[in-house]
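Got a structure here, written out as structure tokens. Questions coming.
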Amino acid sequence: MIDGAEAIRKLALNVARYTGLAPLARPFVGGIGAILMLHRVTATPEKPNSVNRHLNIAPAFLDKLIADMKDRGYAFVALDEAVERIGAGGKHGQFATITADDAYRDNMTEALPVLEKHGAPITIYVAPGLIDGAVDLWWEVIEDIVDTGSHLTLKTARGSKVVDCSTPGRKSQAIARLNAWLTLEVPEEQQCAALRELARSNGIELGTGRSGTLMNWDEIRRVAAHPLVTIGAHTVNHRNLKRLSEAEARHEIGDVRRILMERLGAEPRHFAYPYGYASAVGCREVGFARDAGYVSAVTTRHGVLRAEHAGFLHALPRISVNGRYQSVAHIRTMLSGVTTPLANAGKMVVTF
């Protein structure tokens with residue numbers, strides 16, 4: 001199926017590139033640096049044609065991107081130094097820092113060798129509930145459920161419904177329907193149980209995590225000891241904080257620091273909001289992250305960094321490096337800053 005929104009975004013990127021707008025605008029809107037956001041980095045994805053393939057980039061592309069950015073004057077720094085550079089207003093030149101959400105195992109096995117080649121630091125945000133298997137990578141589980149057959153039964157508050165999964169197009173529609181059901185209709189605290197019941201009733205047993213997809217605690221401890229790696233927090237259970245009560249949201253944001261301290265021997269200084277878009281993080285959640293004592297917190301809002309972000313260290317935007325835009329030219333255009341106001345209703349300083 002053709003993703004209309006993606007096609008429009010790529011058209012805008014190409015227009016900005018081929019008209020020369022991006023390089024012309026960069027000195028004026030390029031900001032002081034950028035936080036890059038990764039998820040998976042592997043040359044051999046289990047499902048190359050998956051609806052979740054946008055979460056993955058190839059190690060070779062990461063290599064090309066870092067090399068290109070270094071050639072154009074970006075210094076790759078750890079997140080602690082990035083925060084210092086934001087506070088200094090970017091006086092020491094443009095910089096970039098790399099982050100990765102969820103602690104996928106390929107961050108260690110395939111991304112880290114690329115980062116070592118370039119001396120590029122990375123911050124990996126960990127959600128203990130995902131690592132322990134207490135909660136699931138629901139976006140992957142939903143795809144597994146849809147892939148099991150030609151139809152499935154979905155039980156909602158309005159009764160049971162048979163969902164057609166008989167063709168590739170119908171499967172895409174089914175995945176979108178299940179995504180909406182789980183993230184909008186099911187209360188956040190009940191999401192895990194509802195997903196597991198949906199899986200069980202359709203012949204899939206869950207509850208042991210996804211072996212090999214995410215790092216285990218021994219691997220996280222090993223990678224945490226690497227000089228290029230910083231471990232950050234990603235809540236306890238990877239929940240949408242805006243859908244939680246204040247007490248639950250504060251627990252997710254604050255208690256993860258204690259858990260990671262117990263598991264790794266060091267308290268995380270940096271935080272990433274799960275999902276990170278407007279319906280998952282706002283002023284309230286930013287305040288909670290600040291109250292919890294984090295030095296910084298990142299969203300998934302699209303944007304480059306500007307000196308003004310010194311006043312918004314708990315609502316920092318990122319540039320998503322994903323499978324939809326696996327093109328150095330596309331990322332160059334994003335880094336020029338020209339897409340920041342286009343994606344944010346004219347805002348140049350993107351916070352929350």
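When both residues are 6+ apart or on different chains and their Cβ atoms are under 8 Å apart, which pairs have a first residue that lies in the stretch 177-189 and is buried (at least 17 other Cβ atoms within 10 Å of the Cβ), and a second that is of a type in the set (K, R) and at pLDDT 95 or above?
E188/R239; E188/R243
A further question follows. Among A127, A111, A12, A58, which is the only one that is in contact (Cβ under 8 Å) with a residue 40 or more places away in the chain and closer than 27 Å to G254 by Cβ? Steps first, please.
Details: A111 fails: closer than 27 Å to G254 by Cβ; A12 fails: closer than 27 Å to G254 by Cβ; A58 fails: closer than 27 Å to G254 by Cβ.
Of the residues listed, the single one that is in contact (Cβ under 8 Å) with a residue 40 or more places away in the chain and closer than 27 Å to G254 by Cβ is A127.
On the given criteria, is R239 surrounded by 17 or more Cβ atoms within 10 Å (Cβ to Cβ) and at pLDDT 95 or above?
Values: surrounded by 17 or more Cβ atoms within 10 Å (Cβ to Cβ): yes; at pLDDT 95 or above: yes.
It is true that R239 is surrounded by 17 or more Cβ atoms within 10 Å (Cβ to Cβ) and at pLDDT 95 or above.
Could you please let me know if I131 is open to solvent by 20 Å² or more (accessible area, probe 1.4 Å), closer than 28 Å to H314 by Cβ and β-branched (V, I, T)? First the steps, then the outcome.
On the way: open to solvent by 20 Å² or more (accessible area, probe 1.4 Å): yes; closer than 28 Å to H314 by Cβ: yes; β-branched (V, I, T): yes.
So I131 passes the test.
Could you tell me whether A345 is within 30 Å of S245 (Cα to Cα), crowded, with 16+ Cβ neighbours inside 10 Å and over 19 Å from the mean Cα position of the chain (by Cα)?
no
Tell me, which residue of the stretch 131-187 that is assigned to a loop (DSSP other than H, G, I, E, B) and among the hydrophobic types (A, V, I, L, M, F, W, C) is nearest to the chain's Cα centre (by Cα)?
Residues of the stretch 131-187 assigned to a loop (DSSP other than H, G, I, E, B): 133-137, 148-150, 157-158, 165-167, 186-187.
Pick out the ones that are also among the hydrophobic types (A, V, I, L, M, F, W, C) and you get 134-135, 137, 157, 165, 186.
Numbers: A134: 20, V135: 17, L137: 13, A157: 31, C165: 28, V186: 22 Å.
Only one residue fits best here, namely L137.
Hey, which of the helices (runs of 4 or more DSSP H) in the stretch 1-78, taking only ones fully inside, have at least 1 residues that are at pLDDT below 80 and under 22 Å from the mean Cα position of the chain (by Cα)?
On the way: elements: 4-18, 21-29, 59-71.
It comes to 4-18.
Looking at the stretch 87-103 only, could you name the residues that are hydrophobic (A, V, I, L, M, F, W, C) and either more than 28 Å from H238 (Cβ to Cβ) or more than 16 Å from the chain's Cα centre (by Cα) (or both)? Give the derivation first.
Narrowing the stretch 87-103 to residues hydrophobic (A, V, I, L, M, F, W, C): 88, 95-96, 98, 100, 103.
Those that are hydrophobic (A, V, I, L, M, F, W, C) and either more than 28 Å from H238 (Cβ to Cβ) or more than 16 Å from the chain's Cα centre (by Cα) (or both): A88, F95, A96.
Search the stretch 79-97 for residues being touching a helix residue (DSSP H, G or I) at 6+ places or on another chain (Cβ under 7 Å) and not in a helix (DSSP H, G or I), and hand back the single one that is surrounded by the most Cβ atoms within 10 Å (Cβ to Cβ).
T97
The values are calculated or read from the model by the stated rules, or taken from the named source; none is laboratory data. Just so it is clear, the structure is predicted and the values come from calculations on it, not from any experiment. All Cβ positions, even for glycine, are placed from backbone atoms using ideal geometry, and neighbour counts span all protein chains on display. Side chains included, ligands, DNA and RNA excluded: accessible areas come from the protein's heavy atoms. Shrake-Rupley method; radii C 1.70, N 1.55, O 1.52, S 1.80 Å.
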